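Here is the structure we will look at.
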Amino acid sequence: MDSLKTFESSGKHYRVGRLDIFDQVHIVRKLMPVIASGLDSKMLENVKSFDDLKEFSISALLRSMAIPFSLAIAHMDKESVEFVLRTCLSVCERREDAGNGNYNWAAVQAANGRMMYNDIELLDVFRIVSEVVRVNLASFFAIAQQDSQDKVQR
């Protein structure tokens, strides 16, 4: 796996891989309404450059997405929700202790879409999904937000 980032959730270590370009397109299609609904003019108030936008707004937005994400999921059809969750989970692995200070990485989700760990809670899934989206798609959403902000300032 082409690892892009490692993070911890509920005491477990995870690593995020790269989404296929076509999966990225479909994730963007499904999540754009969520991202758009999460934009707040106060959030963008301190943004003075593209780098600020990329680092501040996107990170802040994606880290605070629990409520907008939950609301969006409530309005998405089952197939869309499962597509986003399963696609994001498919590029994530969890660190497993192999003894003697060594460890291995194992897929979070099996090829058939079943979860490999029964101790992963819903909040962990949301955290994993948000990390996958942030790592793989933050630059796209930053450009979309910059375009949106430019239109508002005109």
task: Could you grab me the full set of residues in the stretch 102-126 that are within 15 Å of Glu8 (Cα to Cα) and in a loop (DSSP other than H, G, I, E, B)?
output: Val108, Asp119, Ile120, Glu121
- request: Among the residues of the stretch 87-137, write down those that are of a type in the set (Ser, Thr, Tyr) and in contact with a helix residue (DSSP H, G or I) (Cβ under 7 Å, 6 or more places away or on another chain).
  value: Thr87, Ser130
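Take Asp147 and tell me if it is over 19 Å from the mean Cα position of the chain (by Cα) and either at pLDDT 90 or above or buried (at least 17 other Cβ atoms within 10 Å of the Cβ) (or both). Give the steps one after another, and end with the answer.
On the way: over 19 Å from the mean Cα position of the chain (by Cα): yes; either at pLDDT 90 or above or buried (at least 17 other Cβ atoms within 10 Å of the Cβ) (or both): no.
Answer is no for this residue.
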- prompt: If you check Tyr117 against the conditions, is it loosely packed, with under 14 Cβ neighbours inside 10 Å, touching an Asp or Glu at 6+ places or on another chain (Cβ under 6 Å) and modelled with pLDDT of 55 or more?
  reply: no
Residue check, Ser80 at pLDDT below 85 and closer than 24 Å to His26 by Cβ: no
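What residue, of Ser130, Ser57, is in a helix (DSSP H, G or I), closer than 19 Å to Phe22 by Cα, modelled with pLDDT under 95 and among the hydroxyl-bearing types (Ser, Thr, Tyr)?
On the way: Ser57 fails: closer than 19 Å to Phe22 by Cα.
From the options Ser130, Ser57, the qualifying one is Ser130.
The values are calculated or read from the model by the stated rules, or taken from the named source; none is laboratory data. All values derive from a computational prediction rather than experimental measurement. Every residue, glycine as well, gets a Cβ built from its backbone with ideal geometry; the counts of neighbours run over all protein chains shown.
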